[in-house]
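The values are calculated or read from the model by the stated rules, or taken from the named source; none is laboratory data. Being a predicted model, the structure only gives us computed values, none of them experimental. All Cβ positions, even for glycine, are placed from backbone atoms using ideal geometry, and neighbour counts span all protein chains on display. Just so you know, the surface numbers come from the protein's heavy atoms only, side chains and all, with ligands and any DNA or RNA stripped out. Shrake-Rupley method; radii C 1.70, N 1.55, O 1.52, S 1.80 Å.
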Amino acid sequence: MTPRVENIFAAGSGSIGQEQFLTLFQTAAVKLERIVSRSHSSPPGFWYDRDEVEWVIVLSGHAILEFDGGELVEMKEGDHLTIASRVKHRIHRTGPETIWLAVRVKK
């Protein structure tokens, strides 16, 4: 088998609205995903409320996450954070093109 080199910044598939998702690696316990957000905000009333622990990093662009209770967390290139399972959060706003990596780990 010949190794296949790919580029994290290359265009991919899997567009949903203003976001594009690409699974880079997945096992039964871990999922690594590249997300491209284009001036995206979560719909009103929508909250992520996952069973998994999630770690995210902004590779390029910027974003503001909103947590249940109203706390806003700004993220710029290179910033990363861990979101514990069952912590409600949403995308308040992203830049015109924000590229993230998200790692979700099942407990």
* Give the stretch 89-107 a look and list any residue that's without any contact (Cβ under 8 Å) to a residue 60 or more places away in the chain, loosely packed, with under 14 Cβ neighbours inside 10 Å and within 15 Å of Asp51 (Cβ to Cβ), or say none. => Lys107
* To do: Tell me which residues, restricted to the stretch 41-55, are surrounded by fewer than 11 Cβ atoms within 10 Å (Cβ to Cβ) and of a type in the set (D, E, K, R).
  => Asp51
* **Residue count, the stretch 50-69 (criterion: touching a residue at least 40 places away in the same chain (Cβ under 8 Å) and assigned to a loop (DSSP other than H, G, I, E, B))** => 3
* Does the stretch 70-87 hold any residues that are open to solvent by less than 80 Å² (accessible area, probe 1.4 Å) and either assigned to a loop (DSSP other than H, G, I, E, B) or of a type in the set (Val, Ile, Thr) (or both), and which are they? -> Gly70, Val73, Gly78, Asp79, Ile83, Ala84, Ser85, Val87
* Looking at the stretch 43-83, which of its residues are within 16 Å of Glu33 (Cα to Cα) and among the hydrophobic types (A, V, I, L, M, F, W, C)? -> Val53, Trp55, Val56, Ile57, Val58, Leu59, Leu81, Ile83
